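Notes to accompany the following structure.
Readers should treat all values here as calculations from the given coordinates under stated rules, not as data from a laboratory. All figures in this text were calculated on a predicted structure; none of them were measured in a lab. All Cβ positions, even for glycine, are placed from backbone atoms using ideal geometry, and neighbour counts span all protein chains on display.
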Amino acid sequence: MDAKELRSKSNQELRDELTALHKEQFNLRMQRAIGQAARPNQFSIVRRNIARVQTVISEKRIANSAKVGE
C-alpha cells in the first residue's frame, strides 16, 4: 500500500481501509496465539499500513481545518 494511493481515496474509504487493517491485525494476533502464524513478517507490514492510513487521515484533517481557517 502506497501513500500516494491512500491520498487519492476519500475519508470514508480510508476509514474502511483502517477497519479492514485492524481486523486483519486481530486475526493475525489470534493465529499467533494458537500457533498458526504462517507469515511472522505480516505483523509488521499490517502495523505499518495502519500507521500510513492514520497519517493520511490526519493530513487530510489538518488540510481541511486550514481551509476552514482561511
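Can you pull the one-decimal nm distance between simple spin-label points at Ala37 and Asp2, each 7 Å off the Cα toward Cβ?
Modelled inter-label distance: 3.0 nm.
Exactly which trypsin sites (Lys or Arg not before Pro) in the chain are in a DSSP loop and have at most 14 other Cβ atoms within 10 Å?
none
In straight Cα distance, which lysines are under 16 Å from Lys4, not counting same-chain residues fewer than 8 positions off?
Within the straight-line cut-off, Lys4 pairs with Lys60.
At a Förster radius of 30 Å, what calculated FRET efficiency corresponds to the Cβ-Cβ distance of Arg15 and Ser44, to the nearest 0.05?
So the FRET efficiency works out to roughly 0.85.
Looking at the square roots a ≥ b ≥ c of the eigenvalues of the Cα gyration tensor of the chain, which shape do they give, rounded for a/c under 1.5, prolate if a/b is larger than b/c, or oblate?
Prolate is the answer for the chain, as a/c is 1.5 or above and a/b outweighs b/c.
Relative contact order (percent) for the chain, with alpha-carbon contacts under 8 angstrom and 6 or more residues of separation?
Once divided by the residue count of the chain, the mean separation gives 46 percent.
Per 0.36 nm of contour for each residue apart, how much would the distance between Ala51 and Ala66 grow if the chain were fully extended, relative to their Cα-Cα spacing?
3.2 nm
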